[in-house]
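The values are calculated or read from the model by the stated rules, or taken from the named source; none is laboratory data. This is a predicted model, so every value here is computed, not measured. Note: ideal-geometry Cβ built from the backbone for every residue, glycine included; neighbour counts use all protein chains shown. Just so you know, the surface numbers come from the protein's heavy atoms only, side chains and all, with ligands and any DNA or RNA stripped out. Shrake-Rupley method; radii C 1.70, N 1.55, O 1.52, S 1.80 Å.
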Amino acid sequence: MFPERVLIYDGHCHLCSGWARFLHRHPVQPAFRLVAMQSGEGRSLLAAHGIDADDPSTFLVLDAGRAWRESDAVIHVVTSLGWMWRVAALARIIPRSWRDALYRLLARNRYRWFGRREVCYLPDEKP
């Protein structure tokens, strides 16, 4: 069981680090601890959940004793933002295989479409 909520994200990807900054500015309770997958802790958590830390194809969310990845992780994090964001749960009516195929397309092309940061984004302790 995971004692806290943890979101492991790609700190070099502009899209991924943008979402991490958004979550940092709009904290939820209990808050997600943001961990860059390029950090030692991020690499260890990815590897512990069967994700290649050298070529990650997804981000990872640990919450309530579960590990979430791909489209399920996106839906889980977005719906945790509160009332108006909970409508994102409707995306679960789309078959997971379709959602995950779209997620993987985005993940494979994230640097090409959104760019790559030279320096890994790490959030401050407080927004």
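Tabulated data
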| quantity | calculated |
| --- | --- |
| Order of exposure, largest accessible area first, which applies to 111, 103 with probe 1.4 Å | 111, 103 |
| Two-site label geometry, residue 66 and residue 47: point separation in nm, points 7 Å out along Cα→Cβ | 2.8 |
| Potential extension, residue 118-residue 98 segment - 0.36 nm per residue separation minus Cα distance | 4.0 nm |
| Dipole moment magnitude, nearest 20 debye, the chain about Cα centre, only Lys, Arg, Asp, Glu C-beta charged | 440 |
| Solvent-accessible area, 1.4 Å probe, carbon plus sulfur percent, for the chain | 59 |
| Candidate residues 72, 10, 55: accessible-area rank, largest first, probe 1.4 Å | 55, 72, 10 |
| Inter-part distance where region 69-118 and region 11-57 are each reduced to a Cα centre, Å | 14 |
| Area accessible to solvent at residue 13, 1.4 Å probe radius, in Å² | 0 |
